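Have a look at the structure below, then the notes.
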Amino acid sequence: MCDCKDEKIRALDEVLDSYGHDSGNLIGILQKTQDIYGYLPADIIYYVAQQTGISPAKVLGVATFYTQFRLEPVGKYLIMLCKGTACHVNGSDRIEAAVTAELGIQNGETTKDGLFTLKNVACLGCCSLSPVMMINEETFGSLTPDKAISILNDFRKREEETA
Amino acid sequence: MRVIVGQGSCGIAAGAGKVYNALEKLMNDQDSFKLGITGCIGMCFLEPIVDIYEGEDLKARLVHVSENDADAIVNAVRNNDIASLSGLFIKDEDKSFLDQQTRIALRNCGIIDPTDINSYKARDGYKALEKVLKMTPEEVIEEVKTSGIGGRGGAGFPTWFKWNAARSSKGEEKYLICNADEGDPGAFMDRAVIESDPHNLIEGMLIGAYAIGAKEAIVYVRAEYPLAIIRLDNAIKQAKEAGLIGENILGSGFSCNIRYMAGAGAFVCGEETALIESLEGKRGMPRLKPPFPAVAGYKMKPSNINNVETFANIAWIINNGGEAFAAMGTEGSKGTKVFAVTGKVVRGGLVEIPMGQTLRHVIFDIAGGIRDGKQIKAVQMGGPSGGCIPERLLDTVIDYKALSATGAIMGSGGMVVMDENTCMVGMAKFFLDFTSKESCGKCVHCRIGTRRMLEILTNIVEGKGKEGDIELLEELCLSIKDGALCGLGQTAPNPVLTTIKYFRDEYEAHIKEHKCPSKECRDLLSYVINPDKCKGCTLCARKCPVQAISGETKQPHTIDQSKCIRCGQCIQGCKFDAISIE
């Protein structure tokens, strides 16, 4: 590699060094890679493969097996809508309908303004507060369709204020 | 005095972090009381919870606390006038939720500070480890055998047997693994243990490692539990500093390192051989057994895997003796079990009780029965591998065998309670949707079988079911059970089989009459406005996200069925009870 390595690659190299370029640590390496890039870009998957001595196909195999890994960039706010059993029983389908109608996107998609990505997830483990969604690190419980929409509006407002 | 804010994931989601910050802001240097945190007491329905202690005595437990109450709390503590907070006191009937429990695995949860090793030590922490290091590994295994404890991850396989098999396996290099990949939707007791009492897990693991002869122990923890990971990481560091993890532990000559790895989101990794593959950095696909992990597990070396809750009982068993543990429970199921009771109950949270009590006792006496005065229909146990137990079988006792006889399983302890408005066909579809997505794809029975079942169930809930679908589902269920490679596939048909067994009439209503008796399956419903009751307030029309409702102001409105997406927003908003579901 030339000296023109950007900051992200340098951070990735540090990660690879800390994991000893060991194939047994691939999942940890990919998690840290995703922390750096926000997702797993194709050329970086090749780079990780090269650096760990695993074939690119195998790295991609791992990246596509686990739901945590993303091959596409996500919006600024990642909405993780819980579809666990308790949330299902308490009406998560209605929350999903309200959110998809409000944002005009389906599960896995990102809004055109790049603000929100919607992702259905298995169980966030906050079953007593169901139905639940998580936006980035923040958890919102006891949702109703109205409450979910007003939360989205709060995020939009927050965005306008900082803009 | 100490003011302690419950800071588990549930509490934080309910606003406990804001409460803590508000209290901290109001405190000043002259204040003699201390502010602290604890984990999750398991009364999630009351969060955020703030406890006020005088020494070790709990003076008051405040519930549903908001940041706006911070002023009153700080003033009350300063003036030693706790009674002024009586409006926030926990109610007696809610107290009974905790009073009816017997806590072993959860004994410290919501009491100690999970970020402080001394808080754990003050409650006999690491005493069991000290004791064990003076025993032989065989004696430790014998004590665990006496306790009769079975794997709390679901199968209930005797823990001592696994430990003994790993101990007897040839080889110097052995591994002890903790399965903290709590994937069953509806179960969160393992998260609560790690977040609220991480040293208890570490102590249990060290004892297990000593018993089987492992020098390395690994916790495989779900990535969806960021707070659990932070607390575990902190606890491991503290234990290392205290000489409880590492070389020559407490001068005994026994050495063991503990580390953790965060999973990346795959339900199948709860299966032990898939978990091992994942630990090795590969796709989490199950291996063929035998060889069993006790012979060739992680890195093909002898390995032993137990669940978090199992380890959480071990230190107690050593301190109190296996017999004390075995004295609780039934003939075939010893000790206590933790359940995550959720769904349509009044009081949802974590319940730890001795085996042998009835489901009815848990749901009605402890969890307070069904919300909004509705009727219970069924309780789902064991997550996607389990089944739905109908109301008429609620006197079934909690016991591995008795629960299996119903077609459900003990499982990891998820107990999702459903009322009359929950469609059981929809429930079966929900689980098959889950298992078909989570199927790793290695074996045909699971990969294709779950998909075919999901297609049939989807047709049924959309009103496109055909005569013979139920029989076809049953046939598929049996083939998948027989043919699938691992536990995921072998148990995936359970939600379908149990709902067909106990709620066949609901399936038939969907197929023959195109009706959903629980009024839940969207495609079989229509939202209708009663023109006699509608005042034309236009609220529903404004709320409708797809503009399916039209009408003049102060005139009855109508819903265009071809546009309606049946989201139910109109019915929630209507103040005149004019909209009904047909």
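Each Lys or Arg adds one and each Asp or Glu takes one away; over the other residues whose Cβ falls under 15 Å from the Cβ of B:Ser66, this sums to -2. Using a Förster distance of 56 Å, how high is the FRET efficiency between B:Glu93 and B:Thr458, based on the Cβ-Cβ distance and rounded to 0.05? Efficiency at R0 = 56 Å is approximately 0.85. Legend: helices of chain B (whole DSSP H runs) are marked when their alpha-carbon atoms reach 15 angstrom or more along the helix axis and their mean Kyte-Doolittle hydropathy is at least -1.0; marked are B:16-26, B:137-147, B:198-212, B:226-241, B:308-320, B:424-438, B:444-461, B:469-483, B:494-512. Applying 1/(1 + (r/R0)^6) with R0 = 30 Å to the Cβ-Cβ distance of B:Glu323 and B:Glu56 gives a FRET efficiency near 0.60.
For the protein assembly as shown, a/c is less than 1.5, where a ≥ b ≥ c are the root eigenvalues of the C-alpha gyration tensor. That puts it in the rounded class. Rounded, prolate or oblate: which fits segment B:111-246, taking a ≥ b ≥ c as square roots of the Cα gyration tensor eigenvalues, rounded meaning a/c under 1.5, else prolate when a/b beats b/c? Oblate, because a/c is 1.5 or more while a/b does not exceed b/c. What do you get for the angle between helix A:56-65 and the principal long axis of chain A? Use alpha-carbon atoms, 0 to 90 degrees, nearest ten. Value to nearest ten degrees: 20. Taking 7 Å steps out from each Cα toward its Cβ at B:Asn530 and B:Asp482 produces label points 5.4 nm apart. The residues neighbouring A:Leu118, those whose beta-carbon lies less than 11 Å from its own, together hold a net charge of -2 under the Lys/Arg +1, Asp/Glu -1 convention.
The relative contact order of segment A:1-56 comes to 33 percent, based on Cα pairs under 8 Å that sit 6 or more residues apart.
From the square roots a ≥ b ≥ c of the eigenvalues of the alpha-carbon gyration tensor of chain B, which class results: rounded (a/c under 1.5), prolate (a/b over b/c), or oblate? Cα axes put chain B in the oblate bin.
Using only Cα atoms and rounding to the nearest 10 degrees, what angle (0 to 90) does helix A:42-52 make with the longest principal axis of chain A? The answer is roughly 50 degrees. Checking the Cα-Cα distances for B:Lys442/B:Lys464; A:Lys112/A:Lys147; A:Lys32/B:Lys162; A:Lys83/A:Lys147 against a 26 Å cut-off, the pairs over it are B:Lys442/B:Lys464; A:Lys32/B:Lys162. Of the residues A:Ile45, A:Gly61, A:Ser23, the one whose Cα sits farthest toward the positive end of the charge dipole of segment A:1-71, with +1 on the Cβ of Lys and Arg and -1 on the Cβ of Asp and Glu, is A:Gly61.
Computed from the C-beta positions of A:Glu138 and B:Asp523, the FRET efficiency with R₀ = 41 Å rounds to 0.75. Per-residue Cβ neighbour counts within 10 Å put B:Thr330, B:Thr136 in the sequence B:Thr136, B:Thr330, beginning with the fewest.
Taking the number of Cβ atoms within 10 Å of each Cβ as an exposure proxy, the fewest-first ranking of B:Ser86, B:Ser436 is B:Ser86, B:Ser436.
In this rough spin-label picture, where each label sits 7 Å from Cα along the Cβ direction, the A:Gln51-B:Gln100 distance is 5.5 nm. The distance between label points at B:Glu467 and B:Ile581 comes to 3.0 nm (points 7 Å beyond Cα on the Cα→Cβ vector).
Rounded to the nearest 10 degrees, the inclination of helix A:145-162 to the longest alpha-carbon principal axis of chain A is 60 degrees. Dividing the summed helix terms, -39500 (n - 2.57) for each DSSP H run of n ≥ 4, by the number of residues in chain A produces a 222 nm estimate of -15000 deg cm²/dmol to the nearest 500. If Lys and Arg each add +1 and Asp and Glu each add -1, what is the summed charge of the other residues whose beta carbon sits under 15 Å from the beta carbon of A:Met133? Local net charge: -4.
Taking the centroid of alpha carbons for each part, segment B:19-43 and segment A:76-102 are 33 Å apart.
Fewest-first ordering of B:Thr458, B:Thr342 by other beta carbons within 10 Å of each residue's beta carbon gives B:Thr458, B:Thr342. Projecting the Cα atoms of B:Val345, B:Ser255, B:Phe503 onto the charge dipole of chain B, computed from C-beta unit charges around the Cα centre, puts B:Phe503 farthest toward the positive end. The lysine pair count for segment B:526-581, using Cα distances under 17 Å and pairs eight or more places apart or on different chains, is 9.
Descending by average beta-carbon neighbour count within 10 Å, the peptides B:255-264, B:123-132 line up as B:255-264, B:123-132, the highest first.
Any read-out appearing in this document is the output of simple, stated calculations on the displayed coordinates, not a laboratory observation. The structure presented is a predicted model; accordingly, all values stated were derived computationally and were not measured. Counting neighbours? That spans all protein chains shown, and the Cβs are built from the backbone with ideal geometry, glycine included.
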